[in-house]
Every structure is written in structure tokens, then in C-alpha cells.
Amino acid sequence: MAVLSILTYPDPRLQRKAEPVSVFDDDLHHFVGDLTETMYAGPGGVGIAAPQVDRPQRIVIVDVRPKLGENCHGLMVLINPELVAWEGMAVGREGCMSVPDFTGNVIRAERIQVQAQDASGRERSYECEGFEARAVQHEMDHLDGFLFLDRLVSRKIDLFRRKNYKK
């Protein structure tokens, strides 16, 4: 497996709409492994989408265990995901590996149901809430060419320069 290069804002490739996955083969399994390793290699990485590594396919990886412990679904491989239900709205702070210098306040649904396929093409359904729901929605936005910057409550007061901590 390999850590892939992540596209960063304002790269126009981040604005492309991703294509559905139709072939579930060894190449896809290998790519999912590389994408997962890339997510874990990033500082605070809890999610990543294929378009962020210049592969315009509808593939999302989410694992919020680094933030929530075992109180979540663990590693989710979401291929061709669709949001089928949502409720409640909340403002929360988001960051992104493709926007490394900033964070911002974004409104997202508090509870969602997402249907997707796994890396073998099997249908899956997940009900997520709180931070996990936020992470899934954030990554799914990448599939349609959106960054959290496009969803800020206000660019004037809800965009923040990320702090850099010395080790």
C-alpha cells in the first residue's frame, strides 16, 4: 500500500463531479487500501474521498475512531454513497486535508442514513449521528466537487486560520 498525494485548494480538479464505480475488481481493492492508508497518514484524518487524490470516482473512506473511540461504525468504505434520510441541523467546525491552512463552521444534518456499496459491491446501509454524520457528509461533498469552504455559514466570521503547533 502507498500514501497518495492529496490535491489542495485551489486545484480545479477538486471541483470535478466524480463518476460512479461500476467495476469491483483487484484494482479497486488496491486503491481502497491506498486511500485508507493515505487517510490514516494525515494529521487528524478521519475521512477522505477519491477525488482528493485525483481519482474522480464516488469512493469515500470514513473512520472517526481516532476522535470517538469505539462509539461509531469504525472503518466505513462507502462506494457510490447516497444520503437517503437526514434530520436535525447543527453548526460545527470542520477541517480538510485539501484545505490544510483553514477550518470553518458548517451547517450539517445531525443524523443521517447513507446507503452505499462496499469494496466487493455489496449493498450497505449506515445510520450515523453527530461527528460521524458530519464526517460522512463532508466526504460525500467531495464527490460533487464541493469543499467545506463552499458550505461556510459566513466567510467573514466562520473561516479560521488553522493553528500550527510545534512538537
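The values are calculated or read from the model by the stated rules, or taken from the named source; none is laboratory data. Remember, it's a predicted structure, so these values are computed and weren't measured experimentally. Using ideal geometry, Cβ is built from the backbone for each residue, glycine included, and neighbour counts are taken over all protein chains shown. Accessible surface is based on the protein model in full, side chains and every heavy atom, while ligands, DNA and RNA are left aside. Shrake-Rupley method; radii C 1.70, N 1.55, O 1.52, S 1.80 Å.
Each Cα pair under 8 Å and six or more residues apart adds its separation to the average, and for the range 44-91 the resulting relative contact order is 30 percent. At full extension, Ser5 and Asp26 could sit 5.5 nm farther apart than now, given 0.36 nm per residue minus the alpha carbon distance. In this structure the range 32-114 gives 41 Å² per residue of accessible area when probed at 1.4 Å with all protein chains present.
Based on the alpha carbons, how large is the Rg to Rh ratio for the range 69-153 when Rh follows Kirkwood?
On the way: Rg = 12.9 Å, Rh = 13.4 Å.
Radius of gyration relative to Kirkwood radius: 0.96.
For the chain, carbon and sulfur atoms together expose 49% of the accessible surface, with a 1.4 angstrom probe and every protein chain in place.
For the range 1-40, the fraction of C-alpha pairs farther apart than 14 angstrom is 60 percent. On full extension, the segment bounded by Asp158 and Lys17 gains 48.2 nm, given 0.36 nm per residue less the C-alpha separation. Here the simple spin-label model places points 7 Å from the Cα toward Cβ, and for Ser120 and Asp101 these points are separated by 4.5 nm. Cross-link partners for Lys17 among the aspartates and glutamates, with Cα-Cα distance under 19 Å and sequence neighbours closer than 8 places in the same chain left out: Asp54, Glu82, Glu139, Asp141, Asp144, Asp150. Relative contact order for the chain: 24 percent, from Cα pairs under 8 Å spaced at least 6 residues apart, divided by residue count.
Once you have the Kirkwood Rh of the range 1-127 from its Cα pairs, apply Stokes-Einstein at 25 °C and 0.890 mPa s and quote D in µm²/s. Kindly include the intermediate steps, with their values, before the conclusion.
On the way: Rh = 15.4 Å.
Reported coefficient: 159 µm²/s.
Computed on the range 99-148, with alpha-carbon pairs under 8 angstrom and 6+ residues apart, the relative contact order is 32 percent.
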